[in-house]
Amino acid sequence: MPLLRLADTIESVAATVARLLDAPATLAARAYVGWVFVHSGLLKVMDWEQTQALFETEYHVPLLPPHVAAVAGAGGELLFGGLVILGLLGRGAALGLFAVNAMAVISYRDVLFGENFEAALGQHVLWGTLLAALFIHGPGRWSADALASSLGGRARSSATTASSPPA
């Protein structure tokens with residue numbers, strides 16, 4: 001029995017630590033993966049001629065002409081990356097950025113699945129995993145979505161109180 005109590009105590013302490021780390025860890029994941037894509041989008045926009053050339057010669061995006069794919073890629077990285085960082089429209093933003101990441105892997109598959117590019121592919125897998133976790137678990141307590149929900153709840157609570165007859 002003492003062993004079971006020790007296991008329960010360890011589990012209780014671990015659960016408390018996990019609760020304390022949940023919000024900052026989720027924020028760190030959002031900031032990291034969001035910044036990776038925002039930075040990539042900024043680099044594309046800053047040298048648009050080079051970006052268009054890459055989409056014409058290197059990145060083979062299925063179904064889209066190269067100039068449309070370049071705009072969609074840079075736009076998706078900037079829009080969804082920024083939303084992920086803020087935790088605004090959290091699940092939708094994570095799903096959108098996951099799609100951008102998947103399209104990047106598909107479009108550059110000849111290189112990423114080639115010899116000596118395991119680390120580059122591994123980064124895309126890491127980013128996809130973080131984005132999947134953000135989609136599944138949401139953007140966390142330290143997010144614009146949580147703030148909006150909190151303020152919306154207070155507004156509804158105030159409205160209910162204001163319209164209730166006095167006791």
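Numerical summary
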item: Helices (runs of 4 or more DSSP H) contained in the stretch 1-116 and holding at least 1 residues buried (at least 18 other Cβ atoms within 10 Å of the Cβ) and touching a Pro at 6+ places or on another chain (Cβ under 7 Å); result: 2-46, 48-57, 90-107
item: Unmet requirement for residue 161, which otherwise passes all of (1) surrounded by fewer than 16 Cβ atoms within 10 Å (Cβ to Cβ); (2) more than 21 Å from residue 41 (Cβ to Cβ); (3) at pLDDT 95 or above; result: (3)
item: One residue from 97, 112 being aliphatic (A, V, I, L, M) and modelled with pLDDT under 95; result: 112
item: Any pair with Cβ under 6 angstrom, 6 or more apart, that starts in the stretch 86-109 at a residue that is farther than 17 Å from residue 41 by Cβ and in contact (Cβ under 8 Å) with a residue 60 or more places away in the chain and ends at one that is buried (at least 21 other Cβ atoms within 10 Å of the Cβ) and charged (D, E, K, R); result: 87/30
item: Qualifying residue in the stretch 126-133 (condition: surrounded by 16 or more Cβ atoms within 10 Å (Cβ to Cβ), on the phi < 0 side of the Ramachandran plot, in a helix (DSSP H, G or I) and over 9 Å from the mean Cα position of the chain (by Cα)); result: no
item: Residue check, residue 30 under 16 Å from residue 135 (Cβ atoms) and out of contact with any Cys (no Cβ under 7 Å at 6 or more places or on another chain); result: yes
item: Close pairs from the stretch 32-59: first in contact (Cβ under 8 Å) with a residue 60 or more places away in the chain, partner surrounded by 13 or more Cβ atoms within 10 Å (Cβ to Cβ) and among the acidic types (Asp, Glu), Cβ under 7 Å, at least 6 apart; result: 37/77
item: The lone exception for residue 151 - which of (1) modelled with pLDDT of 95 or more; (2) under 25 Å from residue 21 (Cα atoms) it fails; result: (1)
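The values are calculated or read from the model by the stated rules, or taken from the named source; none is laboratory data. This structure is a prediction, so every number in the text was calculated from the model and none was measured. With ideal geometry, Cβ positions are generated from the backbone for all residues, glycine too; neighbour counts draw on all protein chains shown.
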